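One structure is given below, encoded as structure tokens.
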Amino acid sequence: MKKLKLLFFSGKRGGINHFIPIIKKLKRLKYFDVHLLLSDMHLSEQFGSTHKNYNNLKTKIYKTKTIKKNYKASKIERAYSLSDGMKKNIDILRKIKPDLLIILGDRSELFSIATPSLILNIPIAHFYGGDITQGCTDEPTRHSLSMISNFHFVSNQRSKNNLLKFKIDPKNIFNVGLSSLHSINKKNILDKKSIFEKYKLDHKKKLFLIIQHPETWNLKDTRKQIKCTLRALRNFKENKIFVYPCSDPGSKIIIDEIKKLKKNYLNKVFKDIKFEDFYSLFDNADIIIGNSSAGILESHFFKTPALNIGDRQKNRFQTVNILNSDFNVNNIERKIKQILNKKYVFSNSKSFYYKSNGINKIIKIFKKLNFKKKDNFKQLLKLN
């Protein structure tokens, strides 16, 4: 029996965490020939060269470098990097000849693989369409990718309903939850003492985890926004771990401001943190601050309160552990104090985005594609 050739594409450090549990399970099955293409942030030293973290996946890995050494994250640089990536990705597609391309999310580098796949008539499976984030260009990117994809794996019912408004065939939309939550093994999560020692944190102080990205609809205010956040944090003498932003236009401004921080035992800055350690820090943090989707999507699973700042995640569904602030120093300070003084009551459910059978459902769908493969994958899948 011919194996189904799957090509996973990832350009960001956070996105691949959603693919890892799927890839690991697929590798144990005889039906699939699994390939992984890493690009964009993964190949950039500026963002931690994260491609090195995934050699243990024991799958066929390809790499396309698109971000140049002295990347200043201007809009024109970003556009050129996508153009360069598309040329290189076309060569990879011609070499692999995948039966199915699998992409995730709403990052602009996805166009560099999805557009040529559309032209080459390679079916596309898109994860996490239907979400809403009206404060950045991820929003139209996500919806555009949904419109050119054949199969849709959403993280919640609200997102499925949004895709239905686009007149997408409901038989090709699958609510599988957030797959990254299946890569979190509590046995591998370090306790507070261990993770604090590993990162040389003060055991007597709280832990703030901070990730702030640019608002790509409002780049002119990027420096003012990160300065506002840093000024508010200055008054809290707690452990602070800062993680670099994504490679969006405006990211270098944020990186430059973070680099100006007085380096001491309380302020620690990282280009990237391996996901095993990141989840341990997340699990033991007293608060996650900024505008990362992790604060919205995964914080409830870890029972970690989150402060979402600004409009980047505007109108994305939020759970009860999340508070919001505009970019105002006094408001940010007040909301942080409110979170630290409040005892949150979390429901017993693992997360709004967690589905215990999510990975198995994904595998079942991929198996069905393999067994009932027809031209252009136009079969109706009766799996919902």
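Our estimate of slack between K220 and N70, defined as 0.36 nm per intervening residue step minus the Cα-Cα distance, is 51.9 nm. A compact globular protein would have a Cα radius of gyration near 2.2 N^0.38 Å; the ratio found for the chain is 0.97. Put in line by how crowded their Cβ is, counting other Cβ atoms within 10 Å and starting with the fewest, Y128, Y80, Y62 read Y80, Y62, Y128. Between R94 and K2, the simple spin-label model (points 7 angstrom out along Cα→Cβ) gives 2.1 nm.
Just how large is the dipole of region 186-341 about the Cα centre, in debye to the nearest 20, putting +1 at every Lys and Arg Cβ and -1 at every Asp and Glu Cβ? Don't skip to the end; give the middle numbers.
Numbers: 32 positive and 18 negative charges, 119 e Å.
For this selection, approximately 580 debye.
Each peptide in 152-162, 298-308 receives the mean, over its residues, of other Cβ atoms within 10 Å, and ordering these scores from highest gives 298-308, 152-162.
Stretch K200-K271 to full length: gain in nm at 0.36 nm per residue minus the Cα-Cα span? Write down the numbers at each step before the final one.
Numbers: separation 71, 0.36 × 71 = 25.56 nm, distance 1.70 nm.
My answer for the length gained is 23.9 nm.
Using only side-chain charges placed at the Cβ, +1 for Lys and Arg and -1 for Asp and Glu, the dipole size of the chain relative to its Cα centre rounds to 980 debye.
Build a GNM of the chain with springs between Cα atoms under 10 Å apart, and of D106, D283, D40 the one that fluctuates most is D283.
Residue exposure proxy: F32, F317, ordered by other Cβ atoms within 10 angstrom of their Cβ from fewest to most, comes out as F317, F32. The Cα center of region 293-338 and the Cα center of region 3-55 differ in position by 29 Å. Extending 7 Å from Cα along the Cβ direction at M147 and again at N324 yields two label points whose distance is 2.6 nm. I'd like the distance between the alpha-carbon centres of region 245-291 and region 108-186, rounded to an integer number of Å. Going from one Cα centre to the other spans 27 Å.
Taking the Cβ of each residue in R316, R28 as the centre, tally the other Cβ atoms inside 10 Å and list the residues starting with the fewest. Show your work: numbers first, answer last.
Working: R316 19, R28 8.
Fewest-to-most Cβ neighbours within 10 Å comes out as R28, R316.
Put simply, the amide H of F174, placed in the peptide plane, has neighbours under 5 Å in H152, F153, V154, leaving out anything fewer than 5 places away on its chain. Helix 75-96 against the longest principal axis of the chain: what's the angle in degrees, Cα atoms only, rounded to the nearest 10? Helix 75-96 and the main axis of the chain meet at about 40 degrees. Can you tell me the orientation of helix 222-233 relative to the chain, as the angle in degrees between its alpha-carbon axis and the longest Cα principal axis, to the nearest 10? Tilt of helix 222-233: around 50 degrees. For the residue pairs K240/K262; K5/K27; K52/K263; K24/K193; K224/K262, the C-alpha atoms sit more than 21 angstrom apart in K52/K263; K24/K193. Between L164 and L120, the modelled labels are 3.5 nm apart [label points 7 Å from Cα along Cα→Cβ].
None of the figures in this text is laboratory data; all of them are computed from the coordinates on show. If you're wondering where the values come from, they're calculated on a predicted model, not measured in any experiment. Here Cβ is always computed from backbone atoms with ideal geometry, including for glycine, and neighbour counts include all displayed protein chains.
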